[in-house]
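Participant: Pasting a structure below so you can have a look.
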Amino acid sequence: PPQALVQEYQLKLAKLTPGMSFEDLERKGDLSAQLAVTKKAMKLATSHEILSKQRASDSDGKASKDCISYFRQQYILWEGRYMSILPKVSVVAKEAGAPAG
């Protein structure tokens, strides 16, 4: 069922930041870790959205639609976080004298 995909996604998401939340990571201020997590979370949301589309044909249509939009929203959320971290990372890199990129 589509709900199983949501649970699986949430478990995998939790494993990206073991023992803490993404908010904890933000408080730590570790930008490269935040960037890595948001990138993985975006991939995770995308792969689960694809899975729920594949399963949509052989299950309850409404639940599948809800799942697909859930993963879509998750992707947008993580992409937003990613885009807000990215400029900070390049600023930090410039200050450190490392080439940004």
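Participant: How many of the residues making up segment 32-55 are open to solvent by less than 40 Å² (accessible area, probe 1.4 Å) and touching a residue at least 24 places away in the same chain (Cβ under 8 Å)?
Facilitator: Total meeting the criteria: 10.
Participant: Does LYS65 meet the test of being open to solvent by 40 Å² or more (accessible area, probe 1.4 Å), over 26 Å from THR17 (Cα atoms), in a helix (DSSP H, G or I) and without any contact (Cβ under 8 Å) to a residue 24 or more places away in the chain?
Facilitator: It is true that LYS65 is open to solvent by 40 Å² or more (accessible area, probe 1.4 Å), over 26 Å from THR17 (Cα atoms), in a helix (DSSP H, G or I) and without any contact (Cβ under 8 Å) to a residue 24 or more places away in the chain.
Participant: Since PRO87 meets every condition but one in (1) modelled with pLDDT under 90; (2) more than 24 Å from ALA14 (Cβ to Cβ); (3) of a type outside the set (A, V, I, L, M, F, W, C), which condition does it not meet?
Facilitator: (1) is the only condition that PRO87 fails.
Participant: Something else now. Does SER90 satisfy the condition of being open to solvent by 50 Å² or more (accessible area, probe 1.4 Å) and part of a helix (DSSP H, G or I)?
Facilitator: No, not satisfied.
Participant: Just to be sure I understand, how many residues within segment 13-39 are under 12 Å from the mean Cα position of the chain (by Cα), part of a helix (DSSP H, G or I) and farther than 19 Å from SER90 by Cα?
Facilitator: 5
Participant: If you don't mind, there's one more thing I want to ask. Just to be sure before I move on: is GLN10 open to solvent by 50 Å² or more (accessible area, probe 1.4 Å), part of a helix (DSSP H, G or I) and without any contact (Cβ under 8 Å) to a residue 60 or more places away in the chain in the structure I sent?
Facilitator: Spelling it out, GLN10 is indeed open to solvent by 50 Å² or more (accessible area, probe 1.4 Å), part of a helix (DSSP H, G or I) and without any contact (Cβ under 8 Å) to a residue 60 or more places away in the chain.
The values are calculated or read from the model by the stated rules, or taken from the named source; none is laboratory data. None of these values were measured; they are calculated from a predicted model. Every residue, glycine as well, gets a Cβ built from its backbone with ideal geometry; the counts of neighbours run over all protein chains shown. For the accessible areas, the whole protein counts, side chains as well, though only heavy atoms, and no ligand, DNA or RNA atoms are used. Shrake-Rupley method; radii C 1.70, N 1.55, O 1.52, S 1.80 Å.
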